[in-house]
Amino acid sequence: MSDTNSEVIELIETVLETLAETIDDGVFPEIGYFGSKKKNVEYSDLEGYIPVADTPSFIDGRKVESAKTIAGLVYGLTRFKEHLEQKMSMSLRDFYYMHKVKRVQDVLKISNQTETNRLINLSERIIKHKGASVPREEFGVVSSPKGTFYGDVTLSDLSGKRLTCNAAGEYGWFISSRPSDVQIHDINIDAAVFVEKEAMARNLIELGLPEQLSIGVGSLFGQPGRNMRAWIRRLSDNEVPILVLADMSPWSLRIFSTIKSNSIELANIRGLATPKAHLIGLTTKDFWWKKGMLNGIEHSLETMSSSDIKCARQNQNIPAISQDEFLRKENETMLKKKRKGELEAFKAFGLPLSELKQLYVNYLSTKAADIDVKLI
């Protein structure tokens with residue numbers, strides 16, 4: 001059993017024993033925790049969203065609904081402990097189906113997965129180590145791996161197998177569910193480029209840019225999962241410059257802000273924000289300034305839909321966007337122009353592949369140089 005598993009098991013046992021002792025003493029248990037609302041979170045340019053221990057919420061065992069929640073927590077923590085002892089993992093869906101067992105359902109009466117997801121979220125907020133929330137991955141509750149990384153980085157994954165990310169397959173390494181427990185042996189890249197869309201990431205790899213520019217290329221597959229964000233943070237902590245390529249859209253600003261600052265909902269989970277990350281494109285200047293990197297293909301821009309505009313207006317109230325000068329101006333420009341651009345715009349030049357490759361090289365090198373990162 002790993003040291004991490006042993007520590008988490010001990011933390012779970014402490015909570016369960018405390019609850020049992022409280023009930024044995026004839027006292028209704030009461031559990032305090034800090035929620036995920038704005039009142040419990042602050043935004044910092046240097047750290048992203050951080051939890052504020054100010055206004056706690058309480059689960060009061062004297063209330064029928066709260067007693068049910070406490071019973072659910074006891075059942076859930078017991079199953080987490082059981083799985084950790086057996087070195088087994090479970091999915092969010094697995095955890096839901098564990099509540100469909102008749103004797104459990106008769107007591108807890110769980111109606112949908114939203115309820116069991118909430119119990120997992122509560123567990124993260126209640127089980128703490130050195131003042132920090134223990135993420136569900138440490139309970140053995142993991143999501144399907146989302147995201148890949150290709151590049152000259154050598155590591156040992158959770159199985160203990162040693163591999164180099166540019167030799168693990170055509171897409172590279174599928175990011176582990178627990179990157180914090182991955183052992184990194186060697187890093188031979190000058191920067192890591194994380195791309196919103198899988199197709200463009202794949203093209204960069206197919207064209208040999210990781211080798212030519214000495215970079216790593218990660219595919220986010222849209223909004224990055226917790227595992228990918230934790231991996232990005234690990235690379236950043238190892239002094240690897242983080243560059244992000246995303247669509248020029250209000251939604252993509254949210255994707256980047258989540259990478260850079262985490263989210264209000266998960267502010268209690270450390271290691272998911274990468275404050276040093278840079279959004280290098282697509283930017284409004286790529287299209288609308290005379291010397292823009294993509295000048296000449298304004299025809300590839302699309303009209304923002306009503307949902308795009310609504311998203312941009314909502315961005316004005318998201319601290320990680322509204323309090324970041326660069327992101328705020330990007331959002332304002334898109335609202336003014338009511339136009340958006342996608343990463344596929346590079347293909348709108350209609351260039352032969354050799355020239356398209358050079359366009360990618362020039363774009364990445366120029367954008368990296370703007371933030372003092374030298375690629376070639």
- Message: If you wrap a convex hull around the alpha carbons of the chain, what volume per residue comes out, as a whole number of Å³?
- Response: 155
- Item | Angle in degrees between helix 113-126 and the longest Cα principal axis of the chain, rounded to the nearest 10 | 80
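Net charge near Ser214, counting Lys/Arg +1 and Asp/Glu -1 over other residues with Cβ under 15 Å of its Cβ?
Numbers: positive: Lys374; negative: Asp152, Asp186, Asp190, Glu211, Glu239.
Net of charged neighbours comes to -4.
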- Query: Among bridges DSSP assigns within the chain, what percent are antiparallel (round to 5)?
  - Reply: 65
- Residues other than Ser177 with Cβ under 11 Å of its Cβ, Lys/Arg counted +1 and Asp/Glu -1, net out at 0
- Task: Calculate how many DSSP beta bridges within the stretch 148-370 are antiparallel, expressed in % of all such bridges and rounded to the nearest 5.
- Result: 55
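Between beta-carbons, use under 11 Å as the cut-off and find the net charge around Leu158, counting Lys and Arg +1, Asp and Glu -1. Each step should come with its number before you reach the end.
On the way: positive: Lys87, Lys161, Arg178; negative: Glu137, Asp157, Asp181.
Net charge around Leu158: 0.
Take Ser111, Ser219 and order them by how many other Cβ atoms sit within 10 Å, fewest up front. Display every interim value, and only then the final one.
Working: Ser111 10, Ser219 26.
Final ranking by Cβ density, sparse to dense: Ser111, Ser219.
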- Query: Over the chain, what is the mean sequence separation of C-alpha contacts under 8 Å (at least six apart), divided by residue count, expressed as relative contact order in percent?
  - Reply: 14
- Message: Run the helix sum for the chain: -39,500 (n - 2.57) per DSSP H stretch of 4+ residues, divided by residue count, reported at 222 nm to the nearest 500 deg cm²/dmol.
- Response: -13000 deg cm²/dmol
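Please compare each pair in Lys130/Lys161; Lys285/Lys357; Lys37/Lys338 to a cut-off of 23 Å on the Cα-Cα distance and tell me which ones are over it. Walk me through the intermediate numbers first.
Values: Lys130/Lys161 30 Å; Lys285/Lys357 21 Å; Lys37/Lys338 31 Å.
Long pairs (Cα-Cα over 23 Å): Lys130/Lys161; Lys37/Lys338.
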- Message: Quick check on packing: order 91-97, 201-207, 46-52 by the mean number of other C-beta atoms within 10 Å, highest mean leading.
- Response: 201-207, 46-52, 91-97
- Query: Which of the aspartates and glutamates could a cross-linker bridge to Lys102, judged by Cα under 16 Å and excluding same-chain residues fewer than eight apart?
  - Reply: Asp94
- Task: Take the alpha-carbon centre of the stretch 149-179, take the same for the stretch 102-119, and report the distance between them in whole Å.
- Result: 37
- Can you give the % of DSSP beta bridges in the stretch 111-258 that are antiparallel, to the nearest 5? 60
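Please state the shape class of the stretch 1-90: rounded when a/c is under 1.5, otherwise prolate if a/b exceeds b/c and oblate if not, all from the C-alpha gyration tensor.
oblate
All of the numbers you see were taken from the coordinates with simple rules; none came from a lab. Bear in mind the structure is a predicted one, so any value in this text is a computation, not a measurement. Quick reminder, even Gly has a Cβ in these numbers, built from the backbone with ideal geometry, and neighbours come from all protein chains shown.
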